[in-house]
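Student: Have a look at this one.
The values are calculated or read from the model by the stated rules, or taken from the named source; none is laboratory data. Given the structure is predicted, the values throughout are model-derived calculations rather than measurements. Calculation scope for accessible area: heavy atoms of the full protein, side chains included, ligands and nucleic acids excluded. Shrake-Rupley method; radii C 1.70, N 1.55, O 1.52, S 1.80 Å.
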Amino acid sequence: SPYPAEDEFLMKTVDGQTLFIRPVKPEDAPLFTALFKVLSPTTIYYRFFSAVKELNPKMLARFTQIDYDREIALVAIDETSKTDRMLGVARIIGDADSQTGEFAVLVGDNWHGKGIGVCLLEKCLSIAAKRRFRVVHGFVLKTNRNMLALGRKLGFEIEKDLDTDGYKLVIQLEGS
Ligand SMILES: CC(C)(COP(=O)(O)OP(=O)(O)OC[C@H]1O[C@@H](n2cnc3c(N)ncnc32)[C@H](O)[C@@H]1OP(=O)(O)O)[C@@H](O)C(=O)NCCC(=O)NCCS
């Protein structure tokens, strides 16, 4: 499918900044590289479950060149500087059955607590519901309080995950 322009919108952060939210594009690789450079080790660990040092070309391709039918990925862009800056990203990758998907969300440390993560993930979930996904899940490390709070806020059920010694967040989508 072509780029889903209908999923573009503007959001206001809790401190009143306007951000452009849009589906990811193949040309976003430099924006991902720039965002990754300003992430703290903890944020990297919470998102990737390991101490990733840099985003290699294969990872960049995987994050930016997506199949719009199978995957939902939204980025939050600050357009007020001379060059666009990416502040956060959320995605839901559909399984082969197209009924279930796994989410991931990441916001740069400087912009935590402004409502960006919840806005990105909430919109991804609403797109997933429209596409008739039934269940979305994601894994969260035990000490990741911010993500557990965000998950609770969005209505995820929180189960202990014995494999990772963390939690599995699960949500059944409306209309399924
Ligand atoms: C988890 C993460 C995405 C949250 O993004 P964020 O933009 O900072 O979160 P938001 O500002 O949208 O917060 C949404 C809700 O989550 C909770 N929350 C998130 N960050 C919080 C913080 N720093 N302190 C307290 N509560 C917080 C709150 O319940 C908040 O709701 P509220 O504003 O009504 O209190 C962000 O901390 C992050 O990128 N962490 C590292 C990556 C990661 O953990 N990903 C999850 C696994 S894939």
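Student: Rounded to the nearest percent, how much of the accessible area of segment 5-135 (1.4 Å probe, protein heavy atoms only) is carbon and sulfur?
Tutor: Using a 1.4 Å probe with all protein chains present, segment 5-135 comes out at 53 percent carbon and sulfur.
Student: Step through the residues of segment 114-123 one at a time and calculate ³J(HN,Hα) from phi using the Karplus curve (6.51 cos²θ - 1.76 cosθ + 1.60, θ = phi - 60°), rounding each to whole Hz and writing x for Gly and Pro.
Tutor: Coupling constants for segment 114-123: 9, x, 6, x, 5, 5, 5, 6, 4, 5 Hz.
Student: From the phi angles alone, apply the Karplus equation (6.51, -1.76, 1.60; θ = phi - 60°) to segment 147-158 and give each ³J(HN,Hα) in whole Hz, x where the residue is Gly or Pro.
Tutor: Those phi angles translate into 6, 5, 5, 4, x, 4, 4, 8, x, 5, 7, 10 Hz.
Student: Okay, next question. For Ser1 and Glu71 in the same chain, what is the full-extension length gain: residue separation times 0.36 nm, less their Cα-Cα distance, in nm?
Tutor: Difference between extended and current length: 24.1 nm.
Student: What accessible area per residue, rounded to a whole number of Å², is obtained for the chain using a probe radius of 1.4 Å?
Tutor: 55 Å²
Student: Full-extension gain between Ala61 and Lys12, please, as 0.36 nm times their residue separation minus the C-alpha to C-alpha distance.
Tutor: 14.7 nm
Student: Where does the chain land on Rg(C-alpha)/(2.2 N^0.38 Å)?
Tutor: 0.98
Student: Which cross-chain or sequence-distant (5 or more) residues have an amide H under 5 Å from the amide H of Gly166, H modelled 1.01 Å from N in plane?
Tutor: Asp161
Student: Per DSSP H run of at least 4 residues, take -39500 (n - 2.57); add these up for the chain, divide by its residues and hand me the 222 nm value, nearest 500 deg cm²/dmol.
Tutor: -8500 deg cm²/dmol
Student: Given a 10 angstrom Cα cut-off, can you work out which residue in Gly101, Gly151, Gly166 is the most mobile in a GNM of the chain?
Tutor: Maximum among the listed residues: Gly166.
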